[in-house]
Ligand code: URP
Ligand code: ZN
Ligand code: ZN
C-alpha cells in the first residue's frame, strides 16, 4: 500500500494541540513529527488545517426494526453518512432476536458486512435466564464486550433489577461492561395508558409520559446495582440534569460509572415536540428542558460525562414520499405512522453525520469545550471505554490511520442538502456552522474528499474489542 505524508497540519489529540507532519504507511500511522521526509509518499498539504483522529460514535442503530418499520440508514448508508461527518468508527447494537446470543450476533454480522467504516456492536441483553447467563462470556471471545440493559420498555426489552444485577456480576468477572438505558418502565406504562384514554395523542405526550424523575431514579438505581456488584456501568443517552447529579454523586463515592450524552439532549427541548412537525424530535428518552441542556453541557465541561455519542436511529418524517439517495428513489415508513397516536411514532433521530460539525461550532467555537475536550469526548474516550484504544481514537504511531483533515474556517449552511443520512429531514436545518471535515481517511484510504464520496460498501472492518477496558 502506498504511503501518505500529511504536512504542515496542526494535530489535535485529547490532551494537546501541536504542529507536526504525519506519515502513514500500510494503513497505520508510521511517524509524527516536524519536517518528516518520505519521498515515496503521496503528500497532502494541510496548512491552516487541523488533523483529528477519526470520530468514534459509540451509539448508533442501523437497520433497526421498530414499530413495523426499520431505521432508515442501513450499515452502508449510515456509515457513509458517518464518514462525511468525520466519524470512522461506529458501534451498533445487536438485537437479541434469535434463541441464542451467538445466532443473534451471526445475523447481525451479515447485515453489517456492507459497512463503509469500521464497526463493532454492543449486545442488547433483553432476555435473561441461566442458559443466557452461561453464554454471555462467549460474547467476549467474539470481540463483543458490552451488554445493553433497559429499565424501560416493559414486556419488550426491559430486564428486572435482579437480572441486571446478575448481568453486572458476570460483566465484572469477565471484564465486560454493562450499559444502561434508564427510564421508569412501570410509570411510563401507566402514563401512556392515561394519556391515550384521555385523548392525548400529540407528540409532546411522548415526553410527558416519560417523566424526568423516572430517568433520574433509574439512573441512581443502576449505579446502586453497579456499586453493589462492584462492576463498571455506562449510562447511555443522558438527557436530564438529575442524571448528571446522580453520576457525579456516584463517581464521587468511587462507583465505577461513566456517562454518555448525545447532541439532541444539548440543543432541543419539549418545545420542539410541540412544533407542527414535532414528531421529528421523538426519541427515547425524550428531549427535556433548557435547564437539562445546560446541566449536560456543564457535565461535559467538568468531566462528569465521558462521551458524546449520537443514538443515531433515523426515520423518515414522511415515509410516503421518496427521496433520492445515490440517485435512486427511496421511501421507508417513518414518523407518519404515528400521526394520530404518539405511541406509534418510531423512536429515534438522525445524527451520525451531524455530531462533529455541530459540536465543533456549538461546543468548541462557542467556548463551551476545548478542541482537546472535543476529541476526547467524541473519539478518544469512546475508543478507550469500548476497548478500541489505541487502535482507534488516537494519533499515535501504530494507530489506524483514521484521520480527519478539519477545516476550522469552512462555513456551511447545514441541513438535509448536505447530509448523507438516509432520511428526509435534518434537526440542524439552516444552522450556520464554521468548521467542517475536508478530507477523511479510513486506515490511510481517502474516503471523503470535500463533497466527493470515495468510500465503498464493505470497506469497513469488524473490530473485535478488548475486555477489561478502563473506567475513565
Ligand atoms: O429513540 C431511540 N433512542 N431509539 C433507539 C433505541 C434506544 O433506546 O436507544
Ligand atoms: Zn436506549
Ligand atoms: Zn440507542
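The values are calculated or read from the model by the stated rules, or taken from the named source; none is laboratory data. Worth saying up front: this structure is predicted, and the values here are computed from it rather than measured. Cβ atoms come from the backbone with ideal geometry, glycine included; neighbour counts cover every protein chain shown.
Evaluate the following for residue 338: is it in contact with a helix residue (DSSP H, G or I) (Cβ under 7 Å, 6 or more places away or on another chain), surrounded by fewer than 24 Cβ atoms within 10 Å (Cβ to Cβ) and within 24 Å of residue 263 (Cβ to Cβ)? Before the answer, list the steps.
Working: in contact with a helix residue (DSSP H, G or I) (Cβ under 7 Å, 6 or more places away or on another chain): yes; surrounded by fewer than 24 Cβ atoms within 10 Å (Cβ to Cβ): yes; within 24 Å of residue 263 (Cβ to Cβ): yes.
For residue 338, the condition - in contact with a helix residue (DSSP H, G or I) (Cβ under 7 Å, 6 or more places away or on another chain), surrounded by fewer than 24 Cβ atoms within 10 Å (Cβ to Cβ) and within 24 Å of residue 263 (Cβ to Cβ) - is met.
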Discussion item. For the list (1) touching a residue at least 12 places away in the same chain (Cβ under 8 Å); (2) on the phi < 0 side of the Ramachandran plot; (3) assigned by TED's automatic domain parsing to the domain that holds residue 283, I need the number of the one condition that residue 366 fails.
Written reply: (1)
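Could you tell me how many of the residues in region 406-431 are farther than 11 Å from residue 85 by Cα, in contact (Cβ under 8 Å) with a residue 60 or more places away in the chain and out of contact with any helix residue (DSSP H, G or I) (no Cβ under 6 Å at 6 or more places or on another chain)? Spell out how you get there, then give the answer.
Within region 406-431, the first condition is being farther than 11 Å from residue 85 by Cα, and the residues that meet it are 407-417, 422-431.
Next, only the ones that are in contact (Cβ under 8 Å) with a residue 60 or more places away in the chain stay: 407-409, 414, 422-428, 431.
With the extra rule that they be out of contact with any helix residue (DSSP H, G or I) (no Cβ under 6 Å at 6 or more places or on another chain), the set shrinks to 407-409, 414, 423-424, 426-427, 431.
Residues flagged as farther than 11 Å from residue 85 by Cα, in contact (Cβ under 8 Å) with a residue 60 or more places away in the chain and out of contact with any helix residue (DSSP H, G or I) (no Cβ under 6 Å at 6 or more places or on another chain) within region 406-431 amount to 9.
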Discussion item. Can you name every one of the helices (runs of 4 or more DSSP H) wholly within region 115-226 that holds 1 or more residues which are touching a residue at least 24 places away in the same chain (Cβ under 8 Å) and within 16 Å of ligand 1 (Cβ to nearest atom)?
Written reply: 161-174, 185-197, 204-208
Worksheet item: In this structure, does residue 80 turn out to be out of contact with any strand residue (DSSP E or B) (no Cβ under 6 Å at 6 or more places or on another chain), more than 16 Å from ligand 2 (Cβ to nearest atom) and within 25 Å of residue 380 (Cα to Cα)?
Response: yes
Practice prompt. Among the residues of region 17-73, write down those that are within 24 Å of residue 309 (Cβ to Cβ), assigned to a loop (DSSP other than H, G, I, E, B) and more than 16 Å from ligand 3 (Cβ to nearest atom).
Written response: 54
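Buried (at least 16 other Cβ atoms within 10 Å of the Cβ) and without any contact (Cβ under 8 Å) to a residue 12 or more places away in the chain: is that true of residue 442 in this structure?
Working: buried (at least 16 other Cβ atoms within 10 Å of the Cβ): yes; without any contact (Cβ under 8 Å) to a residue 12 or more places away in the chain: no.
So residue 442 does not fit the description; no.
Conditions (1) farther than 19 Å from residue 415 by Cα; (2) surrounded by fewer than 21 Cβ atoms within 10 Å (Cβ to Cβ); (3) free of Cβ contacts under 8 Å to residues at least 24 places away in the same chain, marked per residue:
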residue	(1), (2), (3)
254	yes, yes, yes
261	yes, no, no
272	no, yes, yes
276	no, yes, yes
292	yes, no, no
298	yes, yes, no
